[in-house]
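Read-outs: derived from the displayed coordinates by stated rules, not from any lab. Keep in mind the model is a prediction, meaning the values are calculated, not measured. When we count neighbours, we look across all protein chains shown, and the Cβ atoms used for this are built from the backbone with ideal geometry, even at glycine.
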Amino acid sequence: MKNLILGSSSPYRRALLERLNLSFECCSPEIDETPFDNETPIELVKRLSVEKAKKVQATYPDKNNLIIASDQVAVVGNNTIGKPKTKKNAVQQLLNFSGQKVSFLTGLCVLDSKTEKYQYHLSEYHVFFRTLSLMEIENYIDIELPLDCAGSFKCEGLGVALFTKMEGNDPNSLIGLPLIQLCSMLREHDINPLANH
């Protein structure tokens, strides 16, 4: 069986992949995530997902690896939203989201280091924010400190209190790794979380 490598330093993605009960290791791909001029969010997440997988592949000379890499952006209107990194930015992001629909685009790449071929899937998930007060926003950020999360919230935690509804095929994609699609991709490599025990 191939060795699984998660090309990410994200504790959220690691926790998601652990849910599949498969053994894997993590490798953090250090790449420049700056968008190209006129690059669309859909193009950006694909390029970065594939670049991350290829960077990890170059780190491991062994050819018996299956590398999983992912990238995510939040989009409101025509604006791409990243990680806030500071409380001030997080407050501003959530103020801008109040009463709005925010779309999360998550790119997923599975690269076979032996054939050097990859599978790619784009997952879209939509979150509808209720009208939020500044007090609610500040209290939420103080409680959950979502400064390393695109969009300034954690849907798997108290972040659900910010929404009126969520729409999409796989809520895990919102956290950063579309597990339903990943399971499908892994089965094509004869890795089945329900059969490999």
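Note on residue 139 and residue 88: the extension gain reaches 17.1 nm, defined as 0.36 nm multiplied by sequence separation minus the Cα-Cα distance.
Computed on segment 103-197, with alpha-carbon pairs under 8 angstrom and 6+ residues apart, the relative contact order is 29 percent. Extension gain, residue 36-residue 169: 0.36 nm per intervening residue step, less the Cα-Cα distance, totals 45.0 nm. For segment 69-103, applying the loop criterion from DSSP together with a ceiling of 13 other beta carbons within 10 Å to the trypsin sites (Lys or Arg not before Pro) yields 85. Residues 125, 118, 60, arranged from fewest to most other Cβ atoms within 10 angstrom of their Cβ, appear as 60, 118, 125.
Determine the shape class of segment 1-96: with a ≥ b ≥ c the square roots of the Cα gyration tensor eigenvalues, call it rounded for a/c under 1.5, and otherwise prolate if a/b is greater than b/c, oblate otherwise. In terms of gyration-tensor shape, prolate. Volume of the convex hull of segment 58-146 (Cα atoms only), normalised per residue: 123 Å³. Relative to the dominant Cα principal axis of the chain, helix 134-144 is inclined by about 30°. Based on Cα contacts under 8 Å between residues 6+ apart, the chain shows a relative contact order of 21 percent. Considering helices alone, the calculated mean residue ellipticity of the chain at 222 nm is -9500 deg cm²/dmol, with DSSP H runs of length four and up weighted by -39500 (n - 2.57) and normalised per residue. Qualifying GluC sites (Glu not before Pro) in segment 114-197, where qualification requires a DSSP coil assignment and no more than 11 other C-beta atoms within 10 Å, comprise 116, 188. Between 148, 71, 37, the Gaussian network model of the chain with springs among Cα atoms under 10 angstrom shows the greatest mean-square fluctuation at 37. Take each peptide in 172-182, 9-19, count the other Cβ atoms within 10 Å of every residue, and average; sorted highest first, the result is 172-182, 9-19.
Exposure proxy for 164, 40: other Cβ atoms within 10 Å of each Cβ, ordered fewest to most, give 164, 40. Label segment 96-148 by shape, choosing from rounded, prolate and oblate, from the square roots a ≥ b ≥ c of the eigenvalues of the Cα gyration tensor; if a/c is under 1.5 it is rounded, and otherwise prolate applies when a/b is larger than b/c, oblate when it is not. Oblate shape, in that a/c is at least 1.5 and b/c is the bigger or equal ratio. Listed by Cβ neighbour count within 10 Å, with the fewest neighbours leading, 185, 135, 1, 166 appear as 135, 1, 166, 185. Mean projected area of the Cα convex hull of the chain, taken over all directions, amounts to 11.1 nm².
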